[in-house]
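Every number in this text was worked out from the coordinates using simple rules, so none of it is lab data. Being a predicted model, the structure only gives us computed values, none of them experimental. Here the Cβ positions follow ideal geometry from the backbone for every residue, glycine too, while neighbour counts run over all protein chains shown.
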Amino acid sequence: MAGRATGAVAQVLATAALLTAMRRAGFAIGTAWQQSSMPMTAILGWLVFNDALSAHGWLGVVLASGGLAALAWPEARATLRHTASGEGLWGAEFGLLSGLCFGFSLNAYRHATLILSPGTPMLGATATVCITQFCQAVALSALLAWKRPAALKAVAASWRSSLCACFCGACASVLWLTALGMTAAAVVRALGVIEAPMAALAGRRLFAERLTLIQWIATGTSAVGVALTAFG
């Protein structure tokens, strides 16, 4: 229970820190710094939970993280020109805090799933998601009731329209935690970000969005890093 509660709290703190980073320094800055969650997931998994990666697995983590940061950096650099230096600094700090909390959350979920049901990761993942989302729902509902009762009433009034999204999100979380129960959190985190270079390529093909040379290199670097980490 402690692992699931820790993961739930860390996930909420990570999301709050990410939103704060985006508000203080812009969307691009927050997104770029949040990519620190990948190396932090690997480091925390190694230090706290003894999840070891091979040498090429660590290399893959570094390459994928660097590639993702480079994809966001051109927009982040443009954002910085319109951002006060103090706000930009705090945005970076909150982005790093978000990455740290996301890394800790992934590892906590992994070990909660393994402890609950070592031989059947999907069963453990389903139970973990149910307990975690119940705890988060109760805590956030209490917070809204205290701070924003009108917002809580609006959420309750529109529950039907959110059922499909909630169900799909819960299914995605179960699959995500099932993967965490089968291999190191850093590997799962790396494979999860393959959507970023894929989205860049899709945007080029479907919407004629032009990528710079640096973005093409970053996309390829991320893909190579993901492939290396997958076998780490």
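List of remarks:
- Each of the peptides 115-124, 94-103 was scored by the mean count of other Cβ atoms within 10 Å over its residues; in descending order, highest first, they stand as 94-103, 115-124.
- Karplus-derived 3J(HN,Hα), 6.51/-1.76/1.60, for each residue of the range 116-133, Hz, glycine and proline x: 5, 8, x, x, 10, x, 5, 5, x, 5, 4, 5, 5, 4, 4, 5, 5, 5
- Full-stretch length increase - residue 214, residue 138 - with 0.36 nm per residue and alpha-carbon distance subtracted: 22.9 nm
- Label separation (residue 171 vs residue 48): 3.1 nm, computed from points 7 Å beyond Cα along the C-beta direction.
- Take 164-173, 182-191, 54-63 and order them by the average number of nearby Cβ atoms within 10 Å per residue, most first; the result is 182-191, 54-63, 164-173.
- For the range 179-190, 3J(HN,Hα) computed residue by residue from phi via the Karplus equation (6.51, -1.76, 1.60; θ = phi - 60°) reads 4, 5, x, 9, 7, 4, 4, 5, 5, 5, 4, 5 Hz, glycine and proline entered as x.
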